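Reviewing the structure listed below.
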Amino acid sequence: MSKRPDELKHKLKNRHIQMIALGGVIGTGLFFGAAKSIQSTGPSIILSYILGGIVIYIIMRALGEMTVFKPSSGSFSDYANTYINNYAGFIAGWTAWFEYTVVCMVELTAVTFFLDYWIPGLPHWLICLGLLVLFTFIQLISVKMFGEFEFWFAGIKITAIIFMLLFSAYLVVFNPKIHADTISNIHSYQSLDVFFASGVKGFLFSLVIVIFSFGGTEFVSIAAGEAENPRKSIPKAIQGVIARIIIFYVLTILAIICLYPFNKLNGNISPFVDVFKEIGINRAADVMNAVAITAALSAFNSCLYAASRMLYSLAQQGSAPNKLNQVNRVNIPSKALLFTSFCILVSVVINYLFPEKAIMYLLTIATCAILTCWFIILLTQIYFRKQHDEKNIDYRLILYPFSNLFAMAVLILVMLIMLWMEDMRMSVIVTPIWIMALSIFYALHQKVRKNN
């Protein structure tokens, strides 16, 4: 049976899906944001990642229920549209598209900071522009090309983190000086004043960075729309979320704070680079900087893919201009992709005007969008359960509804924390304004559709 002209092809293999799931968890939040989190929080950052890991696992299981039941490249926007109403799908889809677009800007900006380690003074806006053009071209070629790039990019950063953990263990055991420093560092962390370095406020701030770090984990459900066997590959990818968080976040952060005093980290470069540089292993620092760049580009690649597919899905639902529903000769939603890339050009302007503060501005905006999207996922799953008998659901959220309500409560807490913090308050205030603007746009859009 041939594909309709405006349909996507199922070209992503199981290995692509697994690497998208792995790569979606590891990006700027770990390779850049972790330094600021460790600085402000101390060793208690590990508790933040464990709590965040539990929440994202609940969210992914909730999303997994609906994805396995009905695979869709529109993901939770399509599910909100189906199980709540068209308005909910409209809000979910445009907010998700906005989230992925802003995260693209964050990842591009992070690359410019990593390159400063080798080539200081290179214009940030020029780097952003060049990379945006390159990756847009790659994704226009074919979805398989995207899958291959993401497979190798994710593979590089995963291999590097495992290498870093093994190398760190080797240094701690066999290097007398580092062994002694590690014992001293661990001993100092036994004090609560050191473990919670900045008290409750610092610990709460770290939850915001953690939430951003895990943003993008849901990409795997969007990829389900172009997966060969989503009912097999999606549950397998979701099941590994907790293991990935323990290995790639908890153990990695533990290695960093063991090797080097957390309060001496440089918040403007990758903590991996900083640690190896300070303990005198410059070659390892260079390697980790290259990996940090790869990680950011991998996350950008995934976000660009997710944003274009979400916009394509919105057009299919009638919630975006119909032209964005069109695909090119290789079944890529080219107009949705080009429109998204055009919007990402805003990051070029922001990096030109505010080269030093750009990443923090973008990060807080992205975090608010992530929180909104995750809350919609959990809410949609409640409606999904009301409409389907549990016996007919092959892949289920454990401890429902308590797990769902717990995750919702944590998301509300993080939003309140951001409202409390002066640097992040404006992003939270903008969130309801964004939803109100979308609501007005939705009402006008419905009126135009009705008249036509």
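Here are some notes:
- Matching entry among Ala154, Ala110, Ala169 (being at pLDDT below 85 and either more than 23 Å from the chain's Cα centre (by Cα) or outside any helix (DSSP H, G or I) (or both)): Ala169
- Residue match in the range 108-128 (condition: more than 14 Å from Ala296 (Cα to Cα), aromatic (Phe, Trp, Tyr) and buried (at least 22 other Cβ atoms within 10 Å of the Cβ)): no
- The residues in the range 213-232 that are modelled with pLDDT of 70 or more, closer than 14 Å to Thr67 by Cα, polar (S, T, N, Q) and part of a helix (DSSP H, G or I) can be counted, and the count is 0.
- Of all the numbered requirements in (1) closer than 22 Å to Ser319 by Cα; (2) touching a helix residue (DSSP H, G or I) at 6+ places or on another chain (Cβ under 9 Å); (3) among the β-branched types (Val, Ile, Thr), Val448 misses one, and that requirement is (2).
- Qualifying residue in the range 176-187 (condition: modelled with pLDDT of 70 or more and within 31 Å of the chain's Cα centre (by Cα)): no
- Where Val210 falls short, out of the listed (1) closer than 27 Å to Leu416 by Cβ; (2) part of a helix (DSSP H, G or I); (3) modelled with pLDDT under 75: (3)
- One residue from Ile161, Ile138 being surrounded by fewer than 20 Cβ atoms within 10 Å (Cβ to Cβ) and touching a Phe, Trp or Tyr at 6+ places or on another chain (Cβ under 8 Å): Ile138
- Some residue of the range 416-424 being surrounded by 12 or more Cβ atoms within 10 Å (Cβ to Cβ), in contact (Cβ under 8 Å) with a residue 40 or more places away in the chain, under 25 Å from the mean Cα position of the chain (by Cα) and not in a helix (DSSP H, G or I): yes
- Filter pass, Lys391 being part of a helix (DSSP H, G or I), in contact (Cβ under 8 Å) with a residue 12 or more places away in the chain and not β-branched (Val, Ile, Thr): no
- Yes/no for Tyr100 being hydroxyl-bearing (Ser, Thr, Tyr) and under 30 Å from Thr431 (Cβ atoms): yes
- Looking across Ala92, Ala62, one residue alone is within 17 Å of Ala320 (Cβ to Cβ), of a type in the set (Gly, Ala, Ser), modelled with pLDDT of 70 or more and under 20 Å from the mean Cα position of the chain (by Cα). It is Ala92.
- Which listed residue, of Leu337, Leu362, is out of contact with any Phe, Trp or Tyr (no Cβ under 9 Å at 6 or more places or on another chain), touching a residue at least 40 places away in the same chain (Cβ under 8 Å) and not in a loop (DSSP other than H, G, I, E, B): Leu362
The values are calculated or read from the model by the stated rules, or taken from the named source; none is laboratory data. None of the values given here were measured: they were computed from a predicted structure. Heads up, the Cβs are rebuilt from the backbone with ideal geometry, glycines too, and the neighbour counts pull from every protein chain shown.
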